[in-house]
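Here the structure comes first, spelled out in structure tokens, and everything after it is commentary.
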Amino acid sequence: MKPAYEGNLDTYVDNQLAPPSEIPDYHFMTREELEQTPADDIYPSMPNLDKVMEKLITPAEMLTIAQDGSANVSVSIRNADNTIDEKSKEVLNGAVGQKPLKYFDLTMMKLVNGMPTNVKELEVPMEVIIKIPDEIYKEGKVYSVLRDHNGALTVLPDLDDDPHTITFATDKLSSYAIAEQVATPKNIAIRFAIGALISLIIALACMVILMHHQIKMKRARRMK
């Protein structure tokens, strides 16, 4: 990953849900070694992080770094089962046909010459690979990632073929959940159609009863 600027730029990834893999300890690699190492070897759970970084660091910040400045970007995926905001949890739990099983936070902090920025949105969607924890994994089930960003719920599908991992792309740093699909869109549509049909039958029955009652009332008035 050869940067387009000079200066001191450090990137740190802490992915608690990353699949186990043999990766080099890039914190102890020289600049020359980093430049010769493919980005997806350095950050295997975030394979396009170098492209995200190219857009994340502004031209003005690049100039600051080049002028003997420093910058640090930290990306973190951490378990949030016990710390998730209740509003976010409510949003995630409201996903139709999805059952949240594990909550996590995806955050990014940018520090340029001591000035911190809590990154909330990205120009380039970041690819993220996470392992489905053994305690929630069930063979044959379909899993996805749910995202709550400012109250907006998004279902992010699994982009890889490995049943034990989920690869998703996101441009927002927010609250997330690993979810198991409990109803397919087809099943939901069928249930909706059945519910609509039952409602229609009940409405027609009520109409028939009402009409029958009105006829009886008219007959009763005529007989008086």
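The values are calculated or read from the model by the stated rules, or taken from the named source; none is laboratory data. Every value quoted in this text rests on a predicted model; they were computed, and no experiment measured them. Every residue, glycine as well, gets a Cβ built from its backbone with ideal geometry; the counts of neighbours run over all protein chains shown. Side chains included, ligands, DNA and RNA excluded: accessible areas come from the protein's heavy atoms. Shrake-Rupley method; radii C 1.70, N 1.55, O 1.52, S 1.80 Å.
Around N79, with a cut-off of 15 angstrom between Cβ atoms, what is the net charge of the other residues, counting Lys and Arg +1 and Asp and Glu -1?
Once positives and negatives cancel, what remains is -2.
So for the range 88-167, what are the equivalent ellipsoid semi-axes in whole Å, largest first, each being the square root of 5 times an eigenvalue of the Cα gyration tensor?
Equivalent ellipsoid semi-axes, largest first: 27, 16, 11 Å.
When the distances between all Cα atoms of the range 39-146 are binned every 5 Å from zero, what whole-number percent does each bin get?
Per 5 Å bin, starting at 0, the Cα pair percentages come out as 2, 9, 16, 18, 18, 14, 10, 6, 4, 2, 0.
Test of the criteria: in the range 107-146, which GluC sites (Glu not before Pro) are in a DSSP loop and have at most 16 other Cβ atoms within 10 angstrom of their Cβ?
Loop-located and lightly packed - E135, E139.
Order Y143, Y12 by their accessible area, 1.4 angstrom probe, all chains in place, largest first.
Highest to lowest solvent-accessible surface, that is Y12, Y143.
What FRET efficiency would be calculated for the residue pair E33, V96, taking the C-beta separation as r and a Förster radius of 30 Å, to the nearest 0.05?
Numbers: r = 48 Å, r/R0 = 1.61.
Calculated value: 0.05.
Computed FRET efficiency, Cβ-Cβ of T117 and H164, R0 45 Å: what is it to the nearest 0.05?
Computed FRET efficiency for T117 and H164: 0.85.
Can you check what the net charge comes to around L146, using other residues whose Cβ is under 11 Å from the Cβ of L146 (Lys, Arg +1; Asp, Glu -1)?
Value of the local net charge: +2.
Hey, if we sort H164, H149 by accessible area with the 1.4 Å probe, largest down, what's the order?
On the way: H164 85, H149 20 Å².
The ordering from most to least exposed comes out as H164, H149.
I want to check the label-to-label distance for A183 and L153. Put each point 7 Å from Cα in the C-beta direction and report it in nm to one decimal.
Each label point is offset 7 Å from its Cα along the Cβ direction, giving 1.1 nm.
Once you keep just the Cα pairs under 8 angstrom separated by 6 or more residues, what percentage relative contact order results for the range 92-158?
27
Counting other Cβ atoms within 10 Å, keep those with at most 15, restrict to DSSP loop, and tell me which trypsin sites (Lys or Arg not before Pro) in the range 37-139 are left.
Counting only loop positions with at most 15 other Cβ atoms within 10 Å, the trypsin sites (Lys or Arg not before Pro) in the range 37-139 are K120, K138.
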